[in-house]
Amino acid sequence: MRPTWADIDLDAIAHNVRVFRGLVGDSELCAVVKADAYGHGAVPVARVAVGAGATWLGVALVEEAAELREAGIGVPILVLSEPGPSEMAAVAALAGVRPTVYSEAGIAAFAAAARVGSPVHLKVDTGMNRVGAEPADGVSLANGIVGAGLDLEGVFTHFASADQPGDGFTGSQVELFDEVLGGLSAVGLNPPIVHLANTGGTLTRPDAHRSMVRVGIGLYGVEAAQALRGRCADLGLRQSLRLRSEVTHIHEVGAGGGVSYGHRWVADAPTRLATLPIGYADGVTRAWWDGGCVLIGGKRRPIRGVVTMDQVVVEVDDGVAVGDEAVLLGGQGEEFLGVGEMAESLDTIGYEVLATIGARVPRRY
């Protein structure tokens, strides 16, 4: 078997859940485990998160909810976007799974498939401009939910920039959302579960904790944005994924020798190179060669030449041998390569770094 895998530290995830549990007090804690728990494995992560204090789980797809139910995980699950009309019967068949709704068609489809009194959550778009009901339509849709015989259990919105401390737009979203809540209350609708805060909002806006928070990237010990790196460190959040491989080949290249496709890197002196059996098919982005590094022997080793589909080449010294461990994310000795560091170097976000670690990389727990 190829000596490449991802170590998943479930104890770190449990620790991170407890940190957020302490931050939000009596609020419900929804652990977001969509996209296979951001590449960590939805079922093992969900079990650990619930054991550590998460009271809800959040997913993006109906089939993700079904996987958790089939594994025997029984806490309430929220599908965070409105399922299509053809999917509503599947949602209704899953005990304790709540759909998000934000359209008349979605409400009607679920009402036709579900039992009377089945709970739903109404999503209101307060400025993300992606999906959700228009604020002006909130009351009419809420009335439609109740009129269809469904239970308006929750109402929520999603922050666009809460991971940027001091950003004024988040406050505007809170104000608009509170106006919607006021409109609902005026017609006698007071859903028991109100939620706004994602990881960024949970860390930066205590006023937005309300009756539930939804924590995704923070569960895995990764900052939602560079601006929150210090806050995450202060809280003691621990990165839960360690991506490792192994040196499988070593050779020398002379001065003037180019490395990898296009010879984007050329040696200016005789150089010792090590090859690792991991590449962009595994989530190590091709562009990572420019400024990227790998830990071998507790030292940072620069990538030389573009990352290829299945292999990475790095510059090493005489102390490195075939069989040595190579760490692409995580710690080795006194050094540490954070998901956020890789994301910053690639001008992306930690979410993408985690989500692109491919299925052919085994996860070990």
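No value in this document is a laboratory result; all are computed from the given coordinates. Only a predicted model underlies this, so the values are computations on that prediction, with no experimental measurement involved. With ideal geometry, Cβ positions are generated from the backbone for all residues, glycine too; neighbour counts draw on all protein chains shown.
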**Q.** Cβ-Cβ FRET estimate between residue 347 and residue 55, R0 fixed at 22 Å, reported to 0.05
**A.** 0.05
**Q.** Two-site label geometry, residue 325 and residue 140: point separation in nm, points 7 Å out along Cα→Cβ
**A.** 6.1 nm
Q | the chain - charge dipole about Cα centre, Lys and Arg +1 at Cβ, Asp and Glu -1, debye rounded to 20 | A | 580 debye
Q.
I need the peptides 343-351, 38-46, 260-268 ranked by packing, meaning the mean over residues of other C-beta atoms within 10 angstrom, with the highest value on top.
A. 38-46, 343-351, 260-268
Q) Along the three principal axes, how long is segment 247-365 when you take its alpha carbons, biggest first, rounded to the nearest angstrom? A) 39, 30, 24
Q: Report ³J(HN,Hα) in whole Hz for each residue of segment 209-226, in order, from the Karplus equation J = 6.51 cos²θ - 1.76 cosθ + 1.60 where θ = phi - 60°; Gly and Pro get x.
A: 5, 6, 8, 7, 10, 10, 10, x, 4, x, 4, 9, x, 10, 6, 5, 7, 3
Q. Out of residues 5 or more away from residue 294 or on other chains, whose amide H comes under 5 Å of its own, with H placed 1.01 Å from N in the peptide plane?
A. 301, 303
Q) Simple spin-label model, 7 Å along Cα-to-Cβ: residue 172 to residue 272 in nm? A) 5.7 nm
Q. Residue 153's amide H: which non-local residues (gap 5+, or another chain) put their own amide H closer than 5 Å, with H modeled 1.01 Å from N in plane and none for Pro or chain starts?
A. 120
Q. Residue 263 to residue 365: extension gain in nm, 0.36 nm per residue of separation minus the Cα-Cα distance?
A. 32.9 nm
Q | Cα→Cβ-extended label distance, 7 Å offset, between residue 355 and residue 290, nm | A | 2.3 nm
Q: Distance between Cα centroids, segment 28-93 to segment 297-313: provide it in whole Å.
A: 36 Å
**Q.** segment 1-85: C-alpha gyration tensor shape, a/c 1.5 cut-off, then a/b vs b/c
**A.** oblate
Q: For every other residue with a beta carbon closer than 11 angstrom to the beta carbon of residue 292, add +1 if it is Lys or Arg and -1 if Asp or Glu, then tell me the sum.
A: +2
Q) Any idea which of 81, 107, 117 is furthest toward the positive side of the dipole for segment 21-151, if Lys and Arg beta-carbons carry +1 and Asp and Glu beta-carbons -1? A) 117
Q) Tell me, what is the percent relative contact order of segment 241-337, built from C-alpha pairs under 8 Å that lie six or more residues apart? A) 34 percent
Q | Mean residue ellipticity (222 nm) of the chain, computed from DSSP H runs ≥ 4 via -39,500 (n - 2.57), nearest 500 | A | -8500 deg cm²/dmol
